[in-house]
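Okay, so here's the structure we're looking at.
The values are calculated or read from the model by the stated rules, or taken from the named source; none is laboratory data. A quick note: this is a predicted structure, and the numbers were derived from the prediction, not measured. Backbone-built Cβ (ideal geometry, glycine too); neighbour counts: all protein chains shown.
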Amino acid sequence: MPTQLELQAEPRSLLGKHVRRLRRQGIVPANIYGHGASRAIQAPLRALEHVLAHGGRTGIVSVAVDGSSQTALMKDIQRDPRSGVILHVEFRAISLDESVTSLVPLRFFGESPAVTKLDGVMTHPRSEVHVTGPAGDLPDVIEVDVSSLEELNSSIHVSDLPTSPRYKFNDAPDEVLAIVQPPKVEVEEVAEAVEAAEAEAEAAATGEEAAEAESSAPAATEVQADQESA
């Protein structure tokens, strides 16, 4: 069961452009919707950053407003494109037994022999996966053991993740989560070898064409001489 974080919030009366006053005071405007009418709320920027730092982006948050609490998920976070500061947050009210879909982070652990012994380079094309299940059963994180990657170009896919009767993965089974690529030097050497082989094949083809032209030249001369003598 995911960790349930707590956030102290207040009802919000400032709307539209007036929310700039809140942001200047270190307060973030927010909304919580679902299970009733949407409510305008606000919370301290530091409190929201704390929630995010401890898994609130994908975990369950208990939002306390006016003495009552509402279980919710963070569905949308708007940030300033330059500073990255949180500008607005959308919460979705849920019940713990309600089926929801959320992004759950991946935590890679272990040592890959392809990295430690073959000098491969580990890359992680994905750091999160979409998970659907009862809100109270969604995991905080999905553990991924990379010690099974023993060969270069070996990879781990969504289909390799441990299954659970409590939730399911929504991403394509063949989606790559981790892959060990050949060392950069080796890649460059292969490219150089391919280029050299192509150049050698081209030179050989050119040589054959020249040889054919040269061998056909005397025959043409003989035919011409025969014609003149005739």
Can you tell me which residue in segment 24-41 is surrounded by the fewest Cβ atoms within 10 Å (Cβ to Cβ), limited to those that are of a type in the set (G, A, S) and under 14 Å from H88 (Cα atoms)? G26
Can you confirm whether segment 99-115 contains a residue that is over 30 Å from V158 (Cα atoms), of a type outside the set (S, T, N, Q) and either assigned by TED's automatic domain parsing to the domain that holds F169 or surrounded by fewer than 16 Cβ atoms within 10 Å (Cβ to Cβ) (or both)? no
Can A72 be described as outside any helix (DSSP H, G or I), crowded, with 21+ Cβ neighbours inside 10 Å, out of contact with any Leu (no Cβ under 8 Å at 6 or more places or on another chain) and not assigned by TED's automatic domain parsing to the domain that holds L138? yes
If we ask which residues in segment 133-163 are at pLDDT 90 or above, in a loop (DSSP other than H, G, I, E, B) and crowded, with 16+ Cβ neighbours inside 10 Å, their number turns out to be 5
It is to be established whether one or more residues within segment 96-107 are under 24 Å from A43 (Cβ atoms), among the small types (G, A, S), in a loop (DSSP other than H, G, I, E, B) and in contact (Cβ under 8 Å) with a residue 40 or more places away in the chain. no
Give R92, R126 a once-over and let me know the one that is touching a residue at least 40 places away in the same chain (Cβ under 8 Å), assigned to a loop (DSSP other than H, G, I, E, B) and in contact with a Leu (Cβ under 6 Å, 6 or more places away or on another chain). R126
Filter segment 75-84 down to residues that are surrounded by 13 or more Cβ atoms within 10 Å (Cβ to Cβ) and either part of a loop (DSSP other than H, G, I, E, B) or not assigned by TED's automatic domain parsing to the domain that holds I27 (or both), then give me how many there are. 0
